[in-house]
Amino acid sequence: MERIATADTQASATPSGGPLADESGPASSLDSGLLDAMPRQREVPDGAGELRFATPTPAAVSVSASTPAVPGESRVLLALRGLHPWRLLPTPTGTPFTFCYGLLLVVTSLVAQYADPTFVNHLHQASSTDVTHLLRDPFLVLVASALWIVGGVVSPYAFLFLLVLTALERRIGGVRAAGVFLSGHILATLATEGTVGIAVLVGHLPDSSLHRLDYGISFGVATSIGALAGLLRPWLGLPLITLFGWSLVTDLIAFTDPMTNWGHLISLTIGIATWPLIRRWARAAQVDRAARAPGAARVEVAGV
C-alpha cells in the first residue's frame, strides 16, 4: 500500500519533545517524504518554492542501436524487404532529368507515329547528324538528333533508356547523368561520321554517304549502360555489360548497318572509360545525400 507523508502526518507522528524514532524504523519512511519501498528521488525546488521530483534525462541514442533483425531471418529476405520496385522508373522529384527527357521522347515518338509521313521525314532529315549537317550546323543537329527514338516508344532502346538513365541518375545526380549520356551521343557520332567523311575523301565511299540519315538516342543509352555497369555490384554489372556487348558484336557481324554498330561499340567503350570518374561522383553524391538527410545533424552517438 502506497502512502505519502504530509506535514500534518509528520507532526502527529512525532510527539512534541518526544524522542525521535530510529532511522530504520517505520517513522523514518514517513518522515522521508518518499513513497514506500522507492529509492530516494532528487528534489528540485520550482518557482513557487514547492518541491517537485526531477525527471530523468533520456539517454543518448546510439546510431547502431537500431531494431535488430529477426533471428533466423535470411539475408535474401532482408534484401527483398529492402527492394523498392517503383524506384526503377523515373519520377519528377527523384530523377528530373530522366523524367523530363522521357516525356519529351514520348511526344516526339507520337509525332513520328501519327503526323504526316512527309512532315516527319523532313524533321528527321533536318535532325540528322550526317557529315553535311555537322559541318554546317553541328550544335543544332547534335541536340536535335537526340530527340528521336528509332522505332518509337516500343523500341528496346526506349525501355533501356528508362531503366538505365533512372538508375544512373539516382546514383550520380541529374546533371552528371546528362553529361554521361551526351558525351557518348556526341563523341560516338563524331567518331562514326568523321570516319564516313574521311572514307568519302579517299574514295572508299560515294558522295551520297555524306547525307546518310543518322539520328536517335542509342549512342547515349549505350554509353549510360557502360557507365552504370561500373557502379553495380560485380554479380550484376559484369553480366549486364557482357550480354549487351555480345549483342552489339553479333549486330556488327551481321553487317546490316556497320557504321551504327561500330558507334554502339564506341559508345559502350566510352561508358566503361568513365568508371573512375563516375565512381568518384557516386561517392560524392552519397555523402551529399547523407548530409542533407532529415535529422542527420541531430543524431548523437553514445560514447562507449
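The values are calculated or read from the model by the stated rules, or taken from the named source; none is laboratory data. These figures come from a predicted structure and were not determined experimentally. Cβ placement follows ideal geometry from the backbone for every residue including glycine, while neighbour counts extend to all protein chains displayed. To get the accessible areas, we keep the full protein, side chains included, count just its heavy atoms, and leave off ligands, DNA and RNA. Shrake-Rupley method; radii C 1.70, N 1.55, O 1.52, S 1.80 Å.
Assorted remarks:
- For region 163-304, the relative contact order works out to 31 percent when only alpha carbon pairs closer than 8 Å and six or more residues apart are counted.
- Residues Thr242, Thr192 ordered from highest to lowest accessible area at a 1.4 Å probe: Thr242, Thr192.
- Prolate/oblate/rounded label for region 169-242 (Cα gyration tensor, a/c 1.5): prolate
- Size descriptor for region 135-187, Kirkwood hydrodynamic radius: 12.3 Å (Cα pairs only, one decimal).
- Sparsely packed loop sites in region 227-274 (the chymotrypsin sites (Phe, Trp or Tyr not before Pro) outside DSSP H, G, I, E and B with at most 10 other Cβ atoms within 10 Å) comprise Phe255.
- Full extension of the chain segment joining His122 with Val287 gains 54.7 nm, where the gain is 0.36 nm per residue of separation less the Cα-Cα distance.
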